[in-house]
Amino acid sequence: MLVQVTFWDVTLSLLKGFWETLEIFGVTLLFALPLGLIIAFGSMSRFYPLKWLCRTVVWIIRGTPLMLQLIVFYYGPGLLFDWELLEVPTAVYLTFSINYACYFSEIYRGGIEAIPKGQYEAGEVLGMKKSQIFFRVVLLQVIKHIIPPMSNEIITLVKDTSLARIITYYEIIYFAESYIRTAGLIWPLFYTAVFYLAFCGLLTLLFGAIEKKLSYFKA
Amino acid sequence: MGYFEVKNVCKRFGDTQVLRGIDFSMEKGQVVSIIGSSGSGKTTLLRCINFLCDPDAGEFYLENQLLFDAAEKRSLSDAAIRSKRKNFGLVFQQFNLFPQYNVKENLCLAPKLLAKEEPDFKARKKELYAAIEAHAAELLEQVGLTDKADSYPCELSGGQQQRVAIARALMLSPKILCFDEPTSALDPELTGEVLKVLKELAQKKITMIIVTHEMAFAREISDKIVFMAEGVIAEEGDPQTLFDHPKSPRLQAFLAKTEV
C-alpha cells in the first residue's frame, strides 16, 4: 500500500535531509581547511620522512574513490582489528575531512609556492620575523591565488556529500529515494537538485564577492 | 680600517665558486659602485652583505667591530641575524613591494612591527606610530611621491615603484644602503627618475653600495668603483682613473664592450 504525500511534505522532509547534508559540508570544512594547511607544510618540509609521508597519504587519498574510502573507514577497523564500528556520522566526518584536507593541501601548496622569493627576501631585509613575513606579507597573496581553485573544490564537496549514504548516512538523496519505495514517486529525487543548485549558487556568489574584495591588488 | 670592511668573502654554489675571496673597504658617506659582467658575483656579494646568502668564508667589519664571521654563522640565531641585518638596507632589481599594501603601508609595515618589540610599546604606541608615519611622509616627499601615498603598487610605474622601494629601505635608517641593479628592470625612459633619487641620496652623504650597469651614472656618482670578474675584484679605484686608465686587460675588454 503506497502512502499519499503532498509537495509540502516532500519539501519539509528534503529540507531536513539537506540539513544533514550541510552538516557533512560544515564539519568537513571546519576540519579539512586547517588540516590541509598542516599537510601542505608537511609536504613542503625539508625533513624527508615527513615530506614522504605526507605526499604518500595525499597520493593514496587522491588516487582512490571517496566512496571506497568511506567503506574502508567504516568497516575497515572492525574487519582488521575486531574493533567496534565507528558511529556513522563520525566515520563520514573523518573520511570527508581527510579526503578534502588532501585536496586542499595541494591547492595551498600551489598557492604558497607561487609567491615570488623576492617577497620573503624583502621582508627579511626589512628585519621582519619569519612568522611576520608569512602572516603579514605572504598569506593574503596566497589566499588571493587559491580562491578560484578552492571555490571549485568546495562546490564539489557540496555534491560529494551524497556519497555518504553508502554507509547509511541519511542525507537529502536518501530522504528523496525513500519516496520511491514508500510512495512510488521519483520526482522528489529530481527535486533535490533545486536544493543543491540553490546552495551552490549562494557559494558562487560568496566566492565572487571575496574575489572582488581582493581584486584591488595584483599578486 | 674603513667604516665598512669586507674580508676574504668566498661563496660556492654547487660546483661553481661564485666569490673567490673578496676584500674591499669603504668610508662613511661614500658611494661605492660595483660593476662587472653578469655572473661575476656582484649580486651574490650584495646578498651576502645583506644576510640573504651565507658566505662559506669571510668576515664583515662595521665601524671597527666584527659584525659577521662565516666561521661562526651556524651559531647565529634568527634574532641575532635580524639585529645585524638592521645595519643594512637593500633595494632589489624587481622592487619587491608588497602588493596588498598601499605605498604608505609598504613603508610603515616593518617599522611598526619593529616598534612592537620596544619595551614600552603599549604605553607609547600612538607616539611611536605617529613618528613612523611622519618619517614615511618625509621620505615620500624626498622621492617625490607624496601624492601616491594611498596608491597600490600595481597602480604605479616601474620607476615609481622603485622610488617607493628606496623610501621603504630608508625607513629603517640603515647605516649602509645597498642597491642591486636598481634600474635594470626599468624601461630606459624611467631610469632617470630613479638615478636622480640616488644622486640626491649621495649628496646627503648616505653610505651606499650600488651594483649597476649604468656606467655613466656610476662614474658620476661614485667615490670608488669596484670591478668584479669571475668572483674576484679585478680592479678598483676612483672613477676617473678606473674608467680612463683601466689597467687590467679584463676591465679594458669590459669597458670596450659597454661603450658601444
- Of the numbered conditions (1) of a type in the set (Gly, Ala, Ser); (2) closer than 16 Å to B:Asn50 by Cα; (3) within 13 Å of chain A (Cβ to nearest Cβ), B:Ser151 fails exactly one; give the number of that condition. (2)
- From B:Glu235, B:Glu230, which residue is closer than 16 Å to B:Leu45 by Cα and touching a Leu at 6+ places or on another chain (Cβ under 7 Å)? B:Glu235
- Do the conditions hold for B:Leu198, that is, is it part of a helix (DSSP H, G or I) and over 22 Å from B:Gly89 (Cα atoms)? no
- Item | Subset of segment B:170-185 (residues that are farther than 18 Å from B:Gly29 by Cα and within 12 Å of chain A (Cβ to nearest Cβ)) | B:Asp180, B:Ala185
- Item | Unique match (being assigned to a helix (DSSP H, G or I) and touching a Cys at 6+ places or on another chain (Cβ under 8 Å)) among A:Gly36, A:Gly17 | A:Gly36
- Query: Does segment A:71-85 contain any residue that is loosely packed, with under 13 Cβ neighbours inside 10 Å and either among the acidic types (Asp, Glu) or touching a His at 6+ places or on another chain (Cβ under 8 Å) (or both)?
  - Reply: yes
- Taking segment A:115-148 on its own, how many of its residues are touching a residue at least 24 places away in the same chain (Cβ under 8 Å) and in contact with a Phe, Trp or Tyr (Cβ under 9 Å, 6 or more places away or on another chain)? 8
- Heads up, the helices (runs of 4 or more DSSP H) in segment A:123-219 (entirely inside) with at least 3 residues that are surrounded by 12 or more Cβ atoms within 10 Å (Cβ to Cβ), within 14 Å of chain B (Cβ to nearest Cβ) and at pLDDT below 95 are A:139-160
- Residue, nearest to the chain's Cα centre (by Cα), within segment B:12-39, restricted to residues that are small (Gly, Ala, Ser) and closer than 23 Å to A:Ala122 by Cα: B:Ser33
- Message: With the structure loaded, tell me whether B:Leu172 is surrounded by fewer than 24 Cβ atoms within 10 Å (Cβ to Cβ), assigned to a strand (DSSP E or B) and either touching a strand residue (DSSP E or B) at 6+ places or on another chain (Cβ under 7 Å) or not aliphatic (A, V, I, L, M) (or both) or whether it fails that test.
- Response: no
- Would you mention how many residues in segment A:44-59 are exposed (fewer than 12 other Cβ atoms within 10 Å of the Cβ) and β-branched (Val, Ile, Thr)? 1
- Of the conditions (1) in contact (Cβ under 8 Å) with a residue 40 or more places away in the chain; (2) under 21 Å from A:Pro89 (Cα atoms), A:Pro188 fails just one. Which one is it? (2)
- Note on the structure: Flagged in segment A:114-154 as farther than 29 Å from B:Lys84 by Cα and of a type in the set (Lys, Arg), in numbering order, are A:Lys144
- Query: Within segment B:103-140, can you find the residues that are under 19 Å from B:Arg163 (Cβ atoms) and modelled with pLDDT under 90?
  - Reply: none
- Taking B:Pro55, is it in contact with a helix residue (DSSP H, G or I) (Cβ under 7 Å, 6 or more places away or on another chain) and closer than 26 Å to B:Lys148 by Cβ? no
- Task: Please enumerate the residues belonging to segment B:241-260 that are of a type in the set (D, E, K, R) and either more than 19 Å from B:Ile22 (Cα to Cα) or assigned to a loop (DSSP other than H, G, I, E, B) (or both).
- Result: B:Asp244, B:Lys247, B:Lys257, B:Glu259
- Query: Consider A:Phe31 against the criteria (1) under 16 Å from A:Leu94 (Cα atoms); (2) modelled with pLDDT under 95: it satisfies all of them except one. Which criterion is unmet?
  - Reply: (2)
- Message: Can you say whether B:Ala137 is away from chain A (no Cβ under 13 Å) and either in a helix (DSSP H, G or I) or in contact with a Ser or Thr (Cβ under 7 Å, 6 or more places away or on another chain) (or both), as far as the supplied structure shows?
- Response: yes
- Message: Looking only at residues that are part of a helix (DSSP H, G or I) and hydrophobic (A, V, I, L, M, F, W, C) in segment A:86-96, which one is surrounded by the fewest Cβ atoms within 10 Å (Cβ to Cβ)?
- Response: A:Val88
- Task: Counting only residues that are within 14 Å of chain A (Cβ to nearest Cβ) and at negative phi, give me the strands (runs of 3 or more DSSP E) lying completely in segment B:1-118 with at least 2 of them.
- Result: B:88-91
- Query: Just wondering, is there one or more residues in segment B:81-88 that are closer than 22 Å to B:Glu155 by Cα and modelled with pLDDT of 90 or more?
  - Reply: no
- Message: Just the residues that are in a loop (DSSP other than H, G, I, E, B), touching a residue at least 40 places away in the same chain (Cβ under 8 Å) and either touching a Ser or Thr at 6+ places or on another chain (Cβ under 6 Å) or surrounded by fewer than 21 Cβ atoms within 10 Å (Cβ to Cβ) (or both), please, taken from segment B:208-240.
- Response: B:Thr212, B:His213, B:Ser222, B:Asp223, B:Glu230
- Message: Quick check on segment A:98-114. Is at least one of its residues surrounded by fewer than 18 Cβ atoms within 10 Å (Cβ to Cβ) and either touching a Phe, Trp or Tyr at 6+ places or on another chain (Cβ under 8 Å) or within 14 Å of chain B (Cβ to nearest Cβ) (or both)?
- Response: yes
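The values are calculated or read from the model by the stated rules, or taken from the named source; none is laboratory data. For clarity, every value in this text was computed on a predicted model and none was experimentally measured. Quick reminder, even Gly has a Cβ in these numbers, built from the backbone with ideal geometry, and neighbours come from all protein chains shown.
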